[in-house]
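Notes follow the structure.
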Amino acid sequence: MSDPSFPVCVRDGLAVVTTPAEIDISNAGPLREALLAAAATGQRVIVVDMSGTEYCDSTGLNVLVRAHARADEDGAELRLVMGGTGLQRILAVTGVAGLFRIFPTLGQALEAA
């Protein structure tokens, strides 16, 4: 059963995981499970819609980095949607920003080639 805090769906042929306002050690496990569920849909692109997320600690970042690595191994792609600059700054400061394709809106992430 998927966690309602991290709904997984397929939109426009891409798997989409939507994240809550905060991601930290208390819910990093359910995020990991949601990303695994998205990968299990068989879609070659997984979009993590973090447009409503204001905070993500190192535990959440670790889950995202590992999901990216797994997707890369499987020949898939993990895309992130981040509307504000706060999360993008965290990715940049930690040195992992270059791993991800980051989009300002879900629509742009879905439409990207």
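Each value in this text was obtained by applying a stated rule to the coordinates, not by laboratory testing. Quick caveat, the model's predicted, so the values are computed rather than measured. Because the Cβ atoms are built from the backbone with ideal geometry, glycine has one as well, and the counts that use them run over all protein chains shown.
In summary, the convex hull built on the alpha carbon positions of the range 8-111 has an orientation-averaged projected area of 5.6 nm². Modelled this way, with points 7 Å down the Cα-to-C-beta line, the labels at Thr94 and Leu36 are 2.0 nm from one another. With θ taken as phi - 60° and the Karplus curve 6.51 cos²θ - 1.76 cosθ + 1.60 applied, the whole-hertz 3J(HN,Hα) list for the range 59-76 is 5, x, 4, 4, 4, 5, 5, 5, 5, 4, 4, 5, 4, 4, 4, 8, x, 10 Hz, x standing for glycine and proline.
You can think of it this way: the chain between Ser26 and Arg11 has 2.6 nm of extra reach, that is 0.36 nm per residue less the Cα-Cα gap.
Output the relative contact order of the range 4-113, whole-number percent, from Cα pairs under 8 angstrom with separation of 6+ residues. Kindly include the intermediate steps, with their values, before the conclusion.
Details: 186 pairs, mean separation 27.9, N = 110.
Contact order relative to length: 25 percent.
Dividing the helix sum by the residues of the chain, where each DSSP H run of 4 or more adds -39500 (n - 2.57), gives a mean residue ellipticity at 222 nm of -12000 deg cm²/dmol.
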